[in-house]
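Peer 1: Let me begin by handing over the structure; questions about it come next.
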Amino acid sequence: MRPIKYKQKDIVDLFYKEKVLTKKQLFEMCGFSNMTSWRMLSEHGYISSYNFNAKYYTLIDIPVFDKNGLWSYRKVRFSKCGSLTNTVIELIFNSRSGLEKNELQKFLGVNPIPILSKLYHKGKLNRKKVDGLFVYLQTDEDGQQTQLSNRRADTIKSSQERLPEPERIIAVLVELIQRVELQPQQLARRLARKGIQITLAEIQAILQHYQLTKKNR
């Protein structure tokens, strides 16, 4: 019996059905060798995943990318930029206020720390500490300053939105006047003993709003 011969349309139809495939799956389903699979994928246009060591593929016209140029199918993730390295650079350079690692991980769904460290030490990204966290920035000096200014403005706005009512703000400030070395946890405990309930997030918001973080005291 002669083997079934598959054409490019067959591989395209298979992708439209399955959305995401590995070369091994293509071989098992259609009998394509790696070389044949590569040629047919290249002719149509494809993207490889930026997780799972880039072993998954999808056709260029299948993903519906979000505003960050990202798309996922089940646990497999793809980017308009292709590789994770290019994606991280693109996200940071286009970010209004830079990105710290947790923000990037939320977007990407993977741990970005190894890539961030590599890109920083190669001079592809810059970074600055803001409120104790490294914020990764573009390399252009003017662009960095714009991102940092936006980050500080966003932090102030966010802290203002989290500020408690004036009575509890005054209570925190009075405690700090009496004992300037107190940390947020200590402030919360002291106020709780006086019947004033306040969260650590609210105390942090007060400290940031009045520029009373530890380094400024």
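Any read-out appearing in this document is the output of simple, stated calculations on the displayed coordinates, not a laboratory observation. Because the structure is predicted, anything quoted here is derived from the model rather than measured. No Cβ is skipped: glycine too gets one built from the backbone with ideal geometry, and neighbour counts run over all protein chains shown.
Peer 1: Report the residue, chosen from 17, 101, 80, that carries the largest GNM mean-square fluctuation when the chain is represented by alpha-carbon nodes joined by springs under 10 Å.
Peer 2: 17
Peer 1: Turning to a different aspect of this structure: For labels at residue 68 and residue 183 in the simple 7 Å Cα→Cβ model, what's the distance in nm?
Peer 2: Taking the simple label geometry, residue 68 and residue 183 are separated by 3.1 nm.
Peer 1: Still on this structure: Listed highest first by mean packing, meaning other Cβ atoms within 10 Å per residue, what order do 132-139, 181-188 come in?
Peer 2: The peptides rank, most packed first, as 132-139, 181-188.
Peer 1: Estimate the FRET efficiency between residue 174 and residue 201 by the formula 1/(1 + (r/R0)^6), using the beta-carbon distance for r and 22 Å for R0, to the nearest 0.05.
Peer 2: After rounding to 0.05, the efficiency reads 0.65.
Peer 1: What is the order of 77, 189, fewest Cβ neighbours within 10 Å to most?
Peer 2: 189, 77
Peer 1: In what sequence do 151, 162 fall when counting other Cβ within 10 Å, fewest first?
Peer 2: By the 10 Å Cβ count, ascending: 162, 151.
Peer 1: For volume of the Cα convex hull per residue in Å³, the listed values are (1) 107; (2) 168; (3) 118; which was obtained by calculation from the structure presented?
Peer 2: (2)
Peer 1: If you take the beta carbon distance between residue 90 and residue 150 as r and set R0 to 25 Å, what does 1/(1 + (r/R0)^6) give as a FRET efficiency, to the nearest 0.05?
Peer 2: 0.90
Peer 1: What shape does region 83-156 have by the C-alpha gyration tensor, where a ≥ b ≥ c are the square roots of the eigenvalues, rounded means a/c under 1.5, and otherwise prolate means a/b greater than b/c and oblate the rest?
Peer 2: The shape class here is prolate.
Peer 1: On a C-alpha basis, how far is the centre of region 74-96 from the centre of region 161-188 in Å? Whole number, if you could?
Peer 2: Region 74-96 and region 161-188 have Cα centres spaced 41 Å from each other.
Peer 1: Please report the relative contact order for region 163-216, taking Cα pairs under 8 Å with a sequence separation of at least 6, and give it as a percent rounded to a whole number.
Peer 2: With pairs under 8 Å counted, the relative contact order is 35 percent.
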